[in-house]
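First comes the structure, then the notes that go with it.
What follows is calculated from the coordinates using simple rules that are stated; it is not laboratory data. Computed from a predicted model, the values in this text were never measured in an experiment. All Cβ positions, even for glycine, are placed from backbone atoms using ideal geometry, and neighbour counts span all protein chains on display.
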Amino acid sequence: MNPIRKVCVIGAGVMGAGIAAQAANAGADVVLLDIMADAAKDAIGKMKKAQPAAFMHPTIAKRITPGSTQDDLALIGDCDWIIEAIIEKPDIKQDLYRSLAPHLKPKAIVSSNTSTLPLRVLTEGMDDDLRKRFFITHFFNPPRYMRLLEIVAGPDADPDLESRVSDFADAQMGKSVVTAKDTPGFIANRIGTFWLQAAVTEAFRQGIGVEEADAVLGRPAGIPRTGIFGLLDLVGLDLMPHILTSFETALPADDPFHALGKAPDLLGRMIEDGYTGRKGKGGFYRLNTEGGDKIKEVIDLQTGEYAKAQRPKSAAATAARKGGLRATLEHDSAEGRYARSVLVPTLAYAASLVPEIADDPESVDCAMRLGYNWKTGPFELIDKLGPAWLAAAISEQGLSTPPLLSSVGDGSFYRVRDGRQQQFTGAGYEDIRRPDGVLLLQDVKRAGSPIARNMSASLWDIGDGVACLEFTSKMNSLNPFILWMIDKAVKELPGRGFKALVIHNDASNFSIGANIAMLLYGAKLHLWPFVRWVLKRGQETFARLKYAPFPVVGAPSGMALGGGCEVLLHCDAIEAHAETYIGLVEAGVGIVPGWGGCKELLGRWSATKDRPGGPMPPVMKAFEPIAMAQVATSAMEARDFLYLRPADNVVMNQDRVLAAAKARALKLAEGYSPPEPYELHLPGPTGQTALDLGVRDFINKGVASPHDGVIAHELAFVLSGGNTDAQEPVSEDQLLRLERDVNLRLARTPKTLARVEHMLKKGKPLRN
């Protein structure tokens, strides 16, 4: 099967431009067409400035060629995949498809990004050849960050071409591909729209406030932290009338969606007044800046007036902490009854749609997790509540019990048998099968027990003589328990027959860094031997990791900050998810990297080929990102900082990271020898003076704070080699001692302690 190398996107609006950017991120050459070429050029310019960034690296924008549908259709002649993302009007789309046909190369794939129009409508009048290679490929916004891709194939579609698109979207674009049926709204929007409309109409009907609704249907149900109304603000209120109208027209008369009622009049008035959500003047929530302060306000659904947000405490929401979601839904309060009136019909609706919209529960759950950021999908929620309990609740509300829910009875939709996860499909249970090249730690954990475990880390056997070290502390912050597990792995794995180690976890973040509460505790009590011990202990453990008798491969995703970054710097190789955010951010809490981070980054820049000569260039290269606490906003960008080396790999699909890391570890294990310790020639005091002068200029300009200057001065001391003579080599041990000494000095300063305390309380750095 020929791989997809060149993609054309037609339609340079928000979605089309975003799809084009992600195709370019995937390594494809991209043509972006709009009615006018200037519109396509402007779209590329906007994507370069977009926040969050559309491109994983600024240079990727060069892969996109702009053009117009009037003059440049010939550009699609060598494209493997053409994606239409224009206005949602069937006649205009069909006219476009007819104009494309003469320019298509054989086996070129054409798809529509429609979110509302059925495939059967789009293919009306289409010739047989194009019909075989036409699909719906429904991306979610923003395309770089939303992992879901729904694919709809018609009865005449070529299965080989469907596989070709699916494989590229999966492995290259990083998408979790879900096969959907040709039904209105497909999977995620079908259920998501019902859920949102139910939440809004019931809030108006029952007199529930916006904040109360979001509190009770947010965290307790594992629904995005924004809550219902916050999510609507994020998506854009102006989109809702179009989606609702589409559903009202497309869904059969007996569909439960129609019973929810019309959108409230207030929604129309808000849109007319420019309150379209975060992209407008505000939405159900707004930020009032009239007095110079930023005051969050919330709308009263009954009066339409705004008032200061109060963040009310909901007893129904609190009940979930002890009794789970069921306790919230059973809570005898207005909020509890509201949550029940929304979630019970939504879950009933989801259960009623299998196999109409998808063949199995896992497809539905995956779509809702990835398309609407639900922590758990509808069927997973049903299992939490109990299918029998939900069936009874459905009956109490006078609703019909879905056949699939009746079939599962007192059982569950998911179960584990012989270490394999299974799902109930109506006819019985079937194994959930992963695509080739996908290895999930959660599956490994279901199949057996860990090699070793403590309260913050576990070791797992992932097969073929490879072990996986998993961090399990809060936010995967590093602490002595994790250091102990690393030491145990290095010492014991060879004797247990293991030949390589992967460091990986399924959590949202690889590691946010060291547990800085230890530093604050030690410093406030003046336990300086304890602080020095923590610093030395981490350095010794990471050194053991670096010089282990077997290869170590880091496999991060999410944030790898501070100590989390230092872990990766001590690995032999890295297989990083593309959306990994890596950085040495210690300056934000008033210290410098103290577990070998300064040493390792300096060593990497010193070993770089074709660098300028002399001892100063590597020092300057390492100094800037550490002093400024710079974070690479993608794994591709991490190469610019040498957090990732040229030989390290970027894996686009998060589900493929562990398998890629395991394969890399096995390859490295063939004839493996640990790295040799190195020595560096560093500039000494002259180098520190030069760096100090640059920092002083930043302070004078107001770019850096006075304490930033203190931290930078100490950092310069470490990276320059302390009081060394430029002619004398500096060992790794000497650099580690400098890291310890400098951090002990900084820990004694009130401003560093203030930074640590502020970070622990507020979760963001203090600039003092």
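Computed extension gain for Thr472 through Asn768, at 0.36 nm per residue and net of the alpha carbon distance, reaches 103.3 nm. Electrostatic tally near Pro58: other residues with Cβ closer than 13 Å to its Cβ, Lys and Arg +1, Asp and Glu -1, net +3.
Candidates Pro685, Leu569, Leu104 compared by Cα position along the dipole of the chain: farthest toward the positive end lies Pro685, with charges placed on Cβ. Annotation: the residues Tyr643, Tyr306, Tyr285, sorted from fewest to most other C-beta atoms within 10 Å of their own C-beta, follow the order Tyr306, Tyr285, Tyr643.
Among the listed pairs Lys701/Lys761; Lys599/Lys621; Lys375/Lys764; Lys474/Lys761, those with a Cα-Cα distance over 19 Å are Lys701/Lys761; Lys375/Lys764. As a length-normalised measure over Cα pairs under 8 Å and 6 or more apart, the relative contact order of the stretch 6-179 settles at 21 percent.
Spin-label model, Lys524/Leu234: points 7 Å from Cα along the beta carbon direction are separated by 3.3 nm. For the stretch 501-643, the relative contact order works out to 25 percent when only alpha carbon pairs closer than 8 Å and six or more residues apart are counted. Of all DSSP bridge pairs formed entirely within the stretch 530-643, close to 25 percent run antiparallel. Charges were assigned to the Cβ only: +1 to each Lys and Arg, -1 to each Asp and Glu. The resulting dipole of the stretch 6-179 about its Cα centre is roughly 680 debye.
Legend: calculated FRET efficiency, Thr401 to Arg434, from the Cβ-Cβ distance at R0 = 35 Å, rounded to 0.05, equals 0.65. For the chain, the relative contact order works out to 8 percent when only alpha carbon pairs closer than 8 Å and six or more residues apart are counted. Volume of the convex hull of the stretch 529-596 (Cα atoms only), normalised per residue: 75 Å³.
Each DSSP beta bridge with both residues in the chain is either parallel or antiparallel, and the antiparallel ones are about 45%. Think of the chain as a dipole: +1 on every Lys or Arg Cβ, -1 on every Asp or Glu Cβ, centred on the Cα centre; then among Ala250, Ala307, Pro480, Pro480 lies furthest on the positive end. Here the sum of -39500 (n - 2.57) over DSSP H runs of 4 or more residues, divided by the residues of the chain, equals -13000 deg cm²/dmol at 222 nm, to the nearest 500. The dipole here belongs to the stretch 455-612: it is taken about the Cα centre, uses +1 on the Cβ of Lys and Arg and -1 on the Cβ of Asp and Glu, and is about 620 debye. Near Lys6: Cβ cut-off under 12 Å, other residues only, Lys/Arg at +1 and Asp/Glu at -1. The net charge is 0. Taking the dipole about the Cα centre of the chain, with the C-beta of Lys and Arg at +1 and of Asp and Glu at -1, give me whichever of Tyr429, Thr608, Ala53 is farthest to the positive side. Value computed over the given set: Thr608. Taking label points 7 Å from Cα along the Cα-to-Cβ direction, Thr59 and Glu248 give a separation of 5.2 nm. Cysteines in the chain lacking any other cysteine Cβ under 4.7 Å from their own Cβ: Cys366, Cys468, Cys565, Cys571, Cys598.
Here the extension length gained between Glu297 and Asp506 equals 71.6 nm, from 0.36 nm per residue of separation less the Cα-Cα distance. One decimal place: the segment Asp71-Asn288 gains 73.4 nm when fully extended, by the rule 0.36 nm per residue minus the C-alpha distance. Assuming R0 = 22 Å, can you tell me the calculated FRET efficiency for the pair Ala388 and Val416, based on Cβ-Cβ distance, to the nearest 0.05? Approximately 0.65, to the nearest 0.05. Only the Cβ atoms of Lys and Arg (+1) and of Asp and Glu (-1) were treated as charged; on that basis the dipole of the stretch 188-397 about its Cα centre amounts to roughly 820 debye. For Gly283, neighbours were defined as the other residues whose beta-carbon sits under 15 Å from its Cβ, and their charges (Lys and Arg +1, Asp and Glu -1) total -3.
Taking every alpha-carbon pair within the stretch 615-656, the share separated by more than 15 Å comes to 50 percent.
Once divided by 2.2 N^0.38 Å, the Cα radius of gyration of the stretch 188-397 becomes 1.01.
Against the compact-protein benchmark of 2.2 N^0.38 Å, the Cα-based radius of gyration of the chain scales to 1.02.
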